[in-house]
Structures are given as structure tokens and as C-alpha cells.
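The values are calculated or read from the model by the stated rules, or taken from the named source; none is laboratory data. Remember, predicted model here, so these are calculated numbers, not experimental data. In this analysis, Cβ positions are derived from the backbone assuming ideal geometry, glycine residues included, and neighbour counts consider all displayed protein chains. To get the accessible areas, we keep the full protein, side chains included, count just its heavy atoms, and leave off ligands, DNA and RNA. Shrake-Rupley method; radii C 1.70, N 1.55, O 1.52, S 1.80 Å.
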Amino acid sequence: MKLASLKGGRDGRLVVVSRDLAWFTDASHIAATLQAALDHWGRCEPDLRGLAESLELGAVPRERFHEHSAASPLPRAYQGADGSAYVNHVQLVRKARGAEMPDSFWTDPLMYQGGSDGFLGPRDPIPLADEAWGCDLEGEVAVITGDVAAGVDPQAALGSIRLIMLCNDVSLRNLIPNELAKSFGFFQSKPASAFSPVAVTPDELEGWRDGKLHGALQVEVNGQPLGAADAGVDMTFDFGTLIAHAAKTRALSAGSIIGSGTVSNRGPDGGPGQPISAGGVGYSCLAEVRTIETIQDGQPKTPFLKAGDVVRIEMRDAKRKSIFGAIEQEVVAG
């Protein structure tokens, strides 16, 4: 089942989208918004599934689905937390600045609580007030949970996953060092993120297994491929572990979003991955490109995003069909 929120009001209008992303049908008679459906999932989910099947059969009124008309599936959420499940990415970034990585990073997930009171739509521009802030994209996978009890174990936590989507976790890299130096976490360096046009139930995804989404996350900048890293490879912590980490001391409310962190693959030799131009799978953010340039050449040469740049994040199935729709955003001065 694929769900989306069409733009309108602060929380959008819930619709069911066809598997091929060509059509949608209104679901407001079941739940006005996705958050409302999540709050009453036990009642709403069977009705939404029935509507989805009727849509596939052409048995209900339908309209063309246009990704530009979609907000992020949850235009705002009660909670958003982002992990760093691909420790390879963390290791590379720390190596570039000469910092040792504690062994605990391989056994205890990194996670921060991000802003969730407003997300960008998947085709909304990325506002950038100052290019000196070092604007970067981050291609990620994210899940939306139902209610999660405090102290849940990782296996049980997997059962709380309601929907899966893609994410562009926008980061302002040049603001991060000073914020982290205060030992109080990210804030200004993490502006609004964007999510894919549709969110998908786990049973709909061929690549979903063991709490990970397997498949190439295709990332482009200005029409040129940046990366196609497999989101199910080199993921140190699966989503069950990430959710359990977030819920160690407090319950999570239905509609909580948990991100994977930047998708990152090692090279075949276990070292840094190679760019696509060199036969590798590339990267899901510019910081990782710059990190490898620093390690190899002593300094980075790839610039961060500037006004006019366009980023695109997408995942396709075995038949090359888009699964979640595409996040495609232009950076604009503002």
C-alpha cells in the first residue's frame, strides 16, 4: 500500500496511490490526514488496504497523481529522530578531520532529535540564506512508527514500523563544527528535511528484510549521478535497533519518524567507496565526497550546493519503476 499527502492545510489530505504511482484516490472518508490514520491504525489500515485494492482494479474514482502536488507524507510530525546507521560514513568523516572513532560507535547507535514541526515537500525548493553555510544533501531511508512502548526490544520494535520512505536530510555543514563544539547537539545546522512523495508499507517492498531496505539509492546533482549505494549493505544498525535505541527511556508516539542517516557503502577492499566514474557505487552526500578528497589529496575540491543546483533522490525496483517517487529540489537563495 502506498500513501501520500496532497498539499492543502498544514497536514495535507490523505490519499491512496497506485503501485505504479500513476493514480490516486481520496482517502479522507477513512482518515483526513496520515497522522489521523496512524493514530487509529488498527481501524484505518484495513479500510485503506481495501481502498488500495479497489484503486488497482479501477473500481473507485481516481485522478492522476502528480508528485509536484504532494507534500511530504507527514508534512509535520510529533517527533523526528535521525540515526547514523552507516558507521562507514561516520568513520570517514572523522578520519578526514583526524579524529579517532570510539569503538562504541559500532555497538551503540548515534542519534539526534531533529526538527519535525515542518518538512519540505519532495519538490519544494531548498531555501539557502548564505552559501557560506555549506549546504549539503543527505540521501536516507526513514520509517514512520506506530506507538512504541518504552524499553521495547529491537525485534518487537520492527513490528511498530507502519511506513517507509526516502529522505533528503538537508545539512549546513559549515555550521556543524561550532554547534558540536558546544557539546549540545545540532540545531541551526539542520534545517527542514524533505521526504519522498509516497510512503510505502513494508509488505509492499521486495527489498525489505531484516529491518533494512535493500536497493540502490540513486542520488543526482544537476542531472549527474552522485551515488547508487545499496541501502541494505553496510547498514550497521537495522531499523529495529534504531527504534529500540530511541525508545530506551521513553515511549514514542504514533507518527514518529526515524531516519537511517546517510546511506554509505564501503569499497570492495573494505576501504572508502569509489565514485561512479571510477566504477564504484558513489556517495549519498557531498560531505563524503569531500572527505575522500581530503584523505586522498589533502583538501576537498567538490563544492557544496549553491543557488540553482538541483538534487534528486529516488529508488527503483527490479523493473526500473520508481518505488517512492522522486525527491527533486532546487536550491534557491532566500
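Restricting to the range 124-151, what's the tally of residues that are of a type outside the set (A, V, I, L, M, F, W, C) and farther than 21 Å from S260 by Cα?
6
Tell me which residues, restricted to the range 45-86, are part of a helix (DSSP H, G or I) and either under 14 Å from the mean Cα position of the chain (by Cα) or of a type in the set (F, W, Y) (or both).
The answer is none; no residue qualifies.
Considering only the range 45-60, state which residues are small (G, A, S) and open to solvent by 70 Å² or more (accessible area, probe 1.4 Å).
A59
So the check is Cβ under 7 Å with 6+ separation or different chains; which pairs have a first residue in the range 317-334 that's outside any loop (DSSP other than H, G, I, E, B) and a second one that's crowded, with 17+ Cβ neighbours inside 10 Å and among the hydroxyl-bearing types (S, T, Y)?
Filtered contacts from the range 317-334: I327/S196.
Give the residues of the range 287-334 that are within 30 Å of L21 (Cα to Cα) and touching a Gly at 6+ places or on another chain (Cβ under 6 Å), sorted by residue number.
Within the range 287-334, I313, M315 meet the criteria.
Scan (1) part of a loop (DSSP other than H, G, I, E, B); (2) buried (at least 22 other Cβ atoms within 10 Å of the Cβ); (3) among the charged types (D, E, K, R) for the single condition K248 breaks and write down its number.
K248 satisfies every listed condition except (2).
Output the qualifying pairs, or none if there are none: Cβ atoms under 9 angstrom, residues six or more apart or on different chains, first residue in the range 191-206 and closer than 17 Å to F24 by Cα, second residue among the basic types (K, R) and open to solvent by 30 Å² or more (accessible area, probe 1.4 Å).
P197/R123; A199/R162; T201/R49; T201/R162; E204/R19
When you go through (1) part of a helix (DSSP H, G or I); (2) exposed (fewer than 14 other Cβ atoms within 10 Å of the Cβ); (3) more than 24 Å from the chain's Cα centre (by Cα); (4) of a type outside the set (K, R) one by one for S28, which number turns out not to apply?
The number of the failed condition is (1).
Could you identify the single residue in L172, L180 that is among the hydrophobic types (A, V, I, L, M, F, W, C), touching a Lys or Arg at 6+ places or on another chain (Cβ under 8 Å) and without any contact (Cβ under 8 Å) to a residue 40 or more places away in the chain?
L172
Being open to solvent by 70 Å² or more (accessible area, probe 1.4 Å) and over 21 Å from the mean Cα position of the chain (by Cα) is the filter; apply it to the range 298-334 and report the residue that is modelled with the lowest pLDDT.
Filtering the range 298-334 for residues that are open to solvent by 70 Å² or more (accessible area, probe 1.4 Å) and over 21 Å from the mean Cα position of the chain (by Cα), the one modelled with the lowest pLDDT comes out as Q299.
For the range 105-116, state whether one or more residues are open to solvent by less than 50 Å² (accessible area, probe 1.4 Å), over 17 Å from the mean Cα position of the chain (by Cα) and under 28 Å from E328 (Cβ atoms).
No, the conditions are met nowhere in the range 105-116.
Results for (1) touching a strand residue (DSSP E or B) at 6+ places or on another chain (Cβ under 7 Å); (2) surrounded by fewer than 20 Cβ atoms within 10 Å (Cβ to Cβ), shown as yes or no for each residue.
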position: K182; (1), (2): no, yes
position: S193; (1), (2): yes, no
position: P197; (1), (2): yes, no
position: G207; (1), (2): yes, yes
position: H214; (1), (2): yes, yes
position: V221; (1), (2): yes, yes
position: M235; (1), (2): yes, no
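How do the pairs read when you match residues in the range 97-124 that are more than 25 Å from I292 (Cα to Cα) with residues anywhere that are of a type in the set (D, E), using Cβ under 6 Å and keeping only pairs 6 or more apart or on different chains?
From the range 97-124, the pairs are G114/D82; R123/E328.
Identify all residues within the range 174-201 that are touching a Leu at 6+ places or on another chain (Cβ under 8 Å), outside any loop (DSSP other than H, G, I, E, B) and not aliphatic (A, V, I, L, M); write none if there are none.
Hit for the range 174-201 is F195, nothing else.
Please tell me if G207 is in contact with a His (Cβ under 7 Å, 6 or more places away or on another chain), farther than 28 Å from F186 by Cβ and among the small types (G, A, S).
yes
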